[in-house]
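A short worksheet on the structure shown next.
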Amino acid sequence: MSAERKMANLVEATTQQQFEDFLAKAGKCLTVVHFQAAWAPQCGQMNEVMAELAKENAHTTFVKLEAEAVPELSDKYEISSVPTFLFFKEGEKVDRLDGAHAPELTKMVQRLAVNKSPAGAAEGSGADLNQRLKKLINAAPCMLFMKGSPQEPRCGFSRQIVALLKEHNIQFSSFDILSDEEVRQGLKTYSNWPTYPQLYVNGELVGGLDIVKELAESGELENTCPKAVTLEHRLKTIINQGPVMLFMKGNKEAARCGFSRQILEILNGTGVDYDTFDILQDEEVRQGLKTYSNWPTYPQLYVKGELIGGLDIVKELKESGELVSVLKGES
């Protein structure tokens, strides 16, 4: 847990005053407050998810709060069970999530996070923004910049283009422009295209909804997105590269996060051979596998092409004595 504590945006509040100070300090940026209980194992699991999200959302503050220790706050916000997550901006509650739902928590953080420079920091120059846009556009062979997410489009045009891409079995990644005003405005200039959604293939702008409709009607859409169709096939191939596959940050020789380091230690102690894939080296796999497996965090362990789970599940299997037989595909 020491790795978690070192993160400046993953903090613990033990009093109402601390809680209010964290909200005030965050300002316009998103604050996620986890009302938790030490006796509830699902809270510990969600804290691991929060730690992972904290790494990927540097301008969002994640606060852990023992619900029973601050009863006045629990009463004020009607906390009746744990875990419960409240989302704040400018000191006001903007959303709520009850229960241990890791995919939903990830989705809500992505939707609500505002990725702006912190107060007092110099705004990024145009060159920096263009570099960032270029990186986003090339994050996957087929990238859709839309309002909302494919699961929850936030405008009719975005809903239509997602339906078209899915209908034609196009595998694509997406970016919610409502979550980042800098990208939303900057991309219009960068692409010289004033509206959303915008579809990019291999770093090149294809166009908006009308053009995608025309490509679909003419039968050219599949040819326009050749590499994109193969992501699911690519993921299946990598997952089945070996009988035991670990998707992690780093590799066997050098883990790049505490959770990956812990899972390596456990696997090394089993004597069972396994292969690894470094998700930090491939953004398309890193994002695509989260959707494919419906599992929002890393590491992820697969045996014979089937997802076993993350660090918590591997720890449980070790403690119950089942891990070796699971790794050998015997159960």
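Do you know which of the residues in segment 23-46 that are among the small types (Gly, Ala, Ser) and open to solvent by less than 20 Å² (accessible area, probe 1.4 Å) is nearest to PHE87 (Cα to Cα)?
Result: ALA26.
Take the residues in segment 254-279 that are free of Cβ contacts under 8 Å to residues at least 40 places away in the same chain, buried (at least 16 other Cβ atoms within 10 Å of the Cβ) and in a helix (DSSP H, G or I); name whichever of them is farthest from the chain's Cα centre (by Cα).
LEU264
With the requirement that a residue be farther than 13 Å from LEU30 by Cβ and open to solvent by less than 10 Å² (accessible area, probe 1.4 Å), what does segment 47-66 give you?
Scanning segment 47-66 gives ALA51, GLU52, LEU65.
If only one of THR297, THR224 is of a type in the set (Ser, Thr, Tyr), surrounded by 14 or more Cβ atoms within 10 Å (Cβ to Cβ) and in contact (Cβ under 8 Å) with a residue 40 or more places away in the chain, which one is it?
It is THR297.
Just need a number here: residues in segment 67-99 that are within 19 Å of GLY27 (Cα to Cα) and open to solvent by 60 Å² or more (accessible area, probe 1.4 Å).
Filtering segment 67-99 down to residues within 19 Å of GLY27 (Cα to Cα) leaves 85-96.
In the following step, the residues that additionally are open to solvent by 60 Å² or more (accessible area, probe 1.4 Å) were identified as 90, 92-94, 96.
Selection size over segment 67-99: 5.
Could you tell me whether LEU209 is of a type in the set (A, V, I, L, M, F, W, C) and closer than 15 Å to ALA140 by Cβ?
No: the conditions fail for LEU209.
Taking only pairs six or more apart or across chains, which ones have beta-carbon atoms under 6 Å, a first residue in segment 80-104 that is closer than 10 Å to PHE35 by Cβ, and a second residue that is assigned to a strand (DSSP E or B) and among the hydroxyl-bearing types (Ser, Thr, Tyr)?
Final answer for the pair search is ASP98/THR84.
Of the residues that sit in segment 164-184 and are polar (S, T, N, Q) and over 12 Å from PHE145 (Cβ atoms), which one is surrounded by the most Cβ atoms within 10 Å (Cβ to Cβ)?
Filtering segment 164-184 for residues that are polar (S, T, N, Q) and over 12 Å from PHE145 (Cβ atoms), the one surrounded by the most Cβ atoms within 10 Å (Cβ to Cβ) comes out as GLN171.
Under the condition of being open to solvent by less than 60 Å² (accessible area, probe 1.4 Å) and more than 22 Å from GLY44 (Cα to Cα), which residue from segment 300-331 is modelled with the lowest pLDDT? Please lay out each step first, then the result.
Residues of segment 300-331 that are open to solvent by less than 60 Å² (accessible area, probe 1.4 Å), as a first pass: 300-303, 305, 307-314, 317, 323-327, 329.
Among the residues that remain, those that are also more than 22 Å from GLY44 (Cα to Cα) are: 302-303, 305, 324-327, 329.
Values: TYR302: 97, VAL303: 96, GLY305: 94, VAL324: 96, SER325: 95, VAL326: 96, LEU327: 96, GLY329: 88.
Per the criteria, the residue is GLY329.
Could you please tell me which pairs satisfy a Cβ distance under 6 Å, a separation of 6+ or placement on different chains, a first residue in segment 192-212 that is in the same structural domain as LYS147 (by the TED database) and over 14 Å from ILE161 (Cβ atoms), and a second residue that is outside any loop (DSSP other than H, G, I, E, B) and among the β-branched types (Val, Ile, Thr)?
Within 6 Å, the pairs are GLY203/ILE137.
Here is a check on your reading of the model: is LEU187 open to solvent by less than 70 Å² (accessible area, probe 1.4 Å) and in a helix (DSSP H, G or I)?
yes
Among the aliphatic types (A, V, I, L, M), at pLDDT 90 or above, assigned to a helix (DSSP H, G or I) and open to solvent by less than 10 Å² (accessible area, probe 1.4 Å) - does that describe any residue in segment 11-20?
no
Across segment 56-77, what is the total count of residues that are more than 18 Å from ALA13 (Cα to Cα) and either small (Gly, Ala, Ser) or modelled with pLDDT of 90 or more (or both)?
1
Is at least one residue of segment 151-163 outside any loop (DSSP other than H, G, I, E, B), open to solvent by 80 Å² or more (accessible area, probe 1.4 Å), among the basic types (Lys, Arg) and touching a strand residue (DSSP E or B) at 6+ places or on another chain (Cβ under 7 Å)?
Scanning segment 151-163 turns up at least one residue that is outside any loop (DSSP other than H, G, I, E, B), open to solvent by 80 Å² or more (accessible area, probe 1.4 Å), among the basic types (Lys, Arg) and touching a strand residue (DSSP E or B) at 6+ places or on another chain (Cβ under 7 Å).
Output the residues belonging to segment 39-60 that are of a type in the set (Val, Ile, Thr) and more than 20 Å from LYS315 (Cβ to Cβ).
THR60
When residues of segment 127-150 are filtered for being in a strand (DSSP E or B) and either within 20 Å of ASP282 (Cβ to Cβ) or open to solvent by 40 Å² or more (accessible area, probe 1.4 Å) (or both), how many remain?
Going through segment 127-150, the residues in a strand (DSSP E or B) turn out to be 142-146, 148.
Okay, now just the ones that are also either within 20 Å of ASP282 (Cβ to Cβ) or open to solvent by 40 Å² or more (accessible area, probe 1.4 Å) (or both), so 142-144.
Number of matching residues: 3.
Can you name the condition, by its number, that MET248 falls short on among (1) open to solvent by 10 Å² or more (accessible area, probe 1.4 Å); (2) at pLDDT 90 or above?
If we test MET248 against (1) open to solvent by 10 Å² or more (accessible area, probe 1.4 Å); (2) at pLDDT 90 or above, just (1) comes out false.
The values are calculated or read from the model by the stated rules, or taken from the named source; none is laboratory data. Treat the numbers as computed from the prediction; the structure is a model and nothing was measured. Cβ coordinates were reconstructed from backbone atoms using ideal geometry, including for glycine residues, and neighbour counts include every protein chain displayed. Surface areas here come from the heavy atoms of the whole protein model, side chains and all, with no ligands, DNA or RNA. Shrake-Rupley method; radii C 1.70, N 1.55, O 1.52, S 1.80 Å.
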